[in-house]
Amino acid sequence: MRYPKVSECVDVFEALWPPALAESWDSVGLAVGDPDAQVRSILLALDPMDAVIAEAVVLGADLVFNHHPLMLKPVKSVNAATLKGGAVHTLISNDIALFNAHTNADSARGGVSDVLISLLGIEDAEPLVPHAHQATAGSELNTGIGRVGNLETPTAVRDLARTLSDRLPRTTTGVRIAGDPAATVTRVAVCGGAGDSLFDEVRASGAEVYITADLRHHPATEARDTANRHGGNPQLIDVSHWASETVWLDTAARELEAAFTARGLTVALQHSAVNTDPWVERY
Ligand SMILES: [Zn+2]
């Protein structure tokens, strides 16, 4: 067993979460780093916030693996006085590489939405929006954004919300219901992270409840009016964006451990202790 290079880490990451599964608008892959540098330890986190990068420096991590990209929008400079440039400078000056798997990790089997729906005991969920390449690549790939599947027994929406509250990390914003908390549902759609662009697909899937994050006033009220004109479903459950996705990091760490070992590589994997949910108190 030996330590991998950054480029070998990238090979492992991209075998698990192929960049071809990423949405066209996304930014995924190695954002900062020397492919030839050696990696002894990897810090896993959801967001490349300054506190996470500072943690990587203190821990002596060689690579930060994130879900969210540092530079989703193109930057025109990495001037250290800018938000993104400052992060890039800190990373480079401490020999830390930065990699992220975002919508490719949402889309992949065992990805963000698979982990979220499995909290409700649903293990055989289908993609809500199958990946465009799936038809040619074979249906066994079963990749795509969001997931939809059936509960074993019909369950009240408020009981699903309570289960999510119990099984997700505790957050300031909690778990909220729009619609009828007493409605009994079987067919469940989920999208980890912000899923308010998928209401049409949720309705088409026959889902009776939709669990996602970052639901804003107008999309939520319009989705409820649309639902009420068609019998009331889907009900909506809104969870913390951070919580909905951070649960995936445990699965990712297990998959990474196995993948590195299978290649005869050893690397220390460590979860960030920084909670990057921005909301800290509510009154
Ligand atoms: Zn997200």
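The values are calculated or read from the model by the stated rules, or taken from the named source; none is laboratory data. Note that the structure is predicted; figures quoted are calculated from it, not measured. Note that each Cβ is placed from the backbone with ideal geometry, even for glycine, and that neighbours are counted across all protein chains shown. Each accessible area value is taken on the protein alone, full model and side chains, heavy atoms only, with ligands, DNA and RNA left out. Shrake-Rupley method; radii C 1.70, N 1.55, O 1.52, S 1.80 Å.
Consider region 42-74 and keep the residues that are modelled with pLDDT of 95 or more, assigned to a loop (DSSP other than H, G, I, E, B) and away from the ligand (no atom under 16 Å from the Cβ). The one that is surrounded by the fewest Cβ atoms within 10 Å (Cβ to Cβ) is G60. Determine if region 104-117 includes at least one residue that is within 16 Å of the ligand (Cβ to nearest atom), within 17 Å of the chain's Cα centre (by Cα) and farther than 18 Å from T246 by Cα. For region 104-117, residues within 16 Å of the ligand (Cβ to nearest atom), within 17 Å of the chain's Cα centre (by Cα) and farther than 18 Å from T246 by Cα: absent. Listed conditions (1) away from the ligand (no atom under 16 Å from the Cβ); (2) closer than 21 Å to E123 by Cβ; (3) assigned to a strand (DSSP E or B) are all met by A207, apart from (3). The residue list T155, T171, T163 contains one member that is surrounded by 15 or more Cβ atoms within 10 Å (Cβ to Cβ) and either in a strand (DSSP E or B) or without any contact (Cβ under 8 Å) to a residue 40 or more places away in the chain (or both), which is T155.
Answer yes or no: is there a residue in region 158-176 that is closer than 27 Å to G33 by Cα and in contact with a strand residue (DSSP E or B) (Cβ under 7 Å, 6 or more places away or on another chain). Give the derivation first.
Kept after step one, since they are closer than 27 Å to G33 by Cα, are these residues of region 158-176: none.
No, region 158-176 has no match at all.
When you check E255 against the structure, is it open to solvent by less than 10 Å² (accessible area, probe 1.4 Å) and either among the acidic types (D, E) or modelled with pLDDT under 95 (or both), yes or no?
Against the criterion (open to solvent by less than 10 Å² (accessible area, probe 1.4 Å) and either among the acidic types (D, E) or modelled with pLDDT under 95 (or both)), E255 does not qualify.
If you scan region 1-25, which residues turn out to be in a loop (DSSP other than H, G, I, E, B) and surrounded by fewer than 18 Cβ atoms within 10 Å (Cβ to Cβ)? Matches in region 1-25: M1, Y3, E23, S24, W25.
Given the criteria more than 29 Å from G146 (Cβ to Cβ) and assigned to a helix (DSSP H, G or I), does V78 qualify?
Working: more than 29 Å from G146 (Cβ to Cβ): yes; assigned to a helix (DSSP H, G or I): no.
Here the answer is no, as V78 does not meet what is asked.
Taking the criterion of being β-branched (V, I, T) and either under 22 Å from A54 (Cα atoms) or more than 15 Å from the chain's Cα centre (by Cα) (or both), the residues of region 248-282 that qualify are T261, T266, V267, V274, T276, V280. Taking the criterion of being of a type in the set (G, A, S) and over 19 Å from I145 (Cβ atoms), the residues of region 206-239 that qualify are A220, A227, G231, G232.
Could you list all residues from region 75-103 that are polar (S, T, N, Q), closer than 21 Å to A51 by Cα and away from the ligand (no atom under 16 Å from the Cβ)?
Pass one, region 75-103, residues polar (S, T, N, Q): 77, 79, 82, 90, 93-94, 100, 103.
Next, only the ones that are closer than 21 Å to A51 by Cα stay: 79, 82, 90, 93-94, 100.
Those that are polar (S, T, N, Q), closer than 21 Å to A51 by Cα and away from the ligand (no atom under 16 Å from the Cβ): N79, T82, T90, S93, N94.
Scanning region 184-204 for residues that are open to solvent by 50 Å² or more (accessible area, probe 1.4 Å) and part of a helix (DSSP H, G or I), we see that the one that is nearest to the ligand (Cβ to nearest atom) is E201.
Being on the phi < 0 side of the Ramachandran plot and touching an Asp or Glu at 6+ places or on another chain (Cβ under 6 Å), is that true of even one residue in region 243-260?
no
For region 215-237, state whether one or more residues are touching a residue at least 60 places away in the same chain (Cβ under 8 Å) and within 16 Å of the ligand (Cβ to nearest atom). Within region 215-237 (the criterion being touching a residue at least 60 places away in the same chain (Cβ under 8 Å) and within 16 Å of the ligand (Cβ to nearest atom)), the answer is no, since none of the residues qualifies.
Residue by residue, here is whether (1) at pLDDT below 95; (2) in a loop (DSSP other than H, G, I, E, B) holds:
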{"site": "D95", "(1), (2)": "no, yes"}
{"site": "R109", "(1), (2)": "yes, yes"}
{"site": "I117", "(1), (2)": "no, no"}
{"site": "V148", "(1), (2)": "no, no"}
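Checked against (1) touching a Cys at 6+ places or on another chain (Cβ under 8 Å); (2) on the phi < 0 side of the Ramachandran plot, V185 meets all criteria but (1). A132 passes every criterion in (1) open to solvent by less than 20 Å² (accessible area, probe 1.4 Å); (2) under 24 Å from E14 (Cβ atoms) apart from (1).
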